[in-house]
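Novice: Just dropping this structure here.
The values are calculated or read from the model by the stated rules, or taken from the named source; none is laboratory data. Please read all numbers here as calculations on a predicted model, not as lab measurements. Positions of Cβ are generated from backbone atoms using ideal geometry, with glycine treated the same way; all protein chains shown enter the neighbour counts.
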Amino acid sequence: MNLCDKTQELISGYIDHELNQQDRQRVRVHIESCDQCRAVYEDLLAIKQEMGNLQYPECEEAQLDKIMKEPVAKGMAIIGWFILIIGFAGFMVWQLFTFYTEPSVPMWVKAGVFLIEAGVLLLLGSVLRQRLIALKTDKYKNVKF
Ligand SMILES: [Zn+2]
């Protein structure tokens, strides 16, 4: 089987983004240099587009994921989480001298509000922790060959 046959066999998968990185690269390199295979690719692409079943490689979710993995966005998100947690903790401390020490507020209301706030703070903390762990492990995931 020559390179053109092999490429043309993979073109459909290439258009549908079903190939692994190696095959995708092979097809791309080949159709860039081979008129015949590029014509096959363009025809098939046109057909698939007309049929309306073209699968986009980067749906909104994948794109958002990519944007979120970008270092600046990542750093900003982490700073945002810190500000949110510190701000929320500060708000709780401020309440300690106002809301919690207010004699007219019943004890059970104070206890209820405290529990809700402690829960939110724990959740924020756990999400931030997961983000930090994901950030650390990400470094090795993005190694290119
Ligand atoms: Zn070819």
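Novice: Restricting attention to helices (runs of 4 or more DSSP H) lying wholly within segment 24-131, give those where 2 or more residues are within 30 Å of L3 (Cβ to Cβ).
Specialist: Fully inside segment 24-131 and qualifying: 35-51.
Novice: Given the structure, is L19 more than 13 Å from the ligand (Cβ to nearest atom), at pLDDT below 95 and surrounded by fewer than 17 Cβ atoms within 10 Å (Cβ to Cβ)?
Specialist: no
Novice: So R26 fits all but one of (1) within 16 Å of the ligand (Cβ to nearest atom); (2) of a type in the set (K, R); (3) closer than 30 Å to L124 by Cα; what number is the exception?
Specialist: The number of the failed condition is (3).
Novice: Follow-up. Give me the pairs, please: first residue somewhere in segment 31-46 and closer than 12 Å to Y14 by Cβ, second residue anywhere and β-branched (V, I, T) and more than 8 Å from the ligand (Cβ to nearest atom), beta-carbon distance under 7 Å, and either six or more positions apart or on two chains.
Specialist: Filtered contacts from segment 31-46: V40/I11; Y41/I11; L44/I11; L44/I15; L45/I15.
Novice: Please work out if D65 is assigned by TED's automatic domain parsing to the domain that holds L123 and either touching a helix residue (DSSP H, G or I) at 6+ places or on another chain (Cβ under 9 Å) or of a type in the set (D, E, K, R) (or both).
Specialist: yes
Novice: Just one of (1) within 16 Å of the ligand (Cβ to nearest atom); (2) at pLDDT 90 or above; (3) not hydroxyl-bearing (S, T, Y) trips up N2, so point out which.
Specialist: Here N2 meets the rest and fails (2).
Novice: How many of the residues in segment 1-40 are β-branched (V, I, T) and in contact with a Phe, Trp or Tyr (Cβ under 7 Å, 6 or more places away or on another chain)?
Specialist: 3
Novice: Still on this structure, please answer the following. Taking the condition of being of a type in the set (A, V, I, L, M, F, W, C), over 13 Å from E42 (Cα atoms) and assigned to a helix (DSSP H, G or I), how many residues in segment 9-23 meet it?
Specialist: Going through segment 9-23 one residue at a time, the tally reaches 1.
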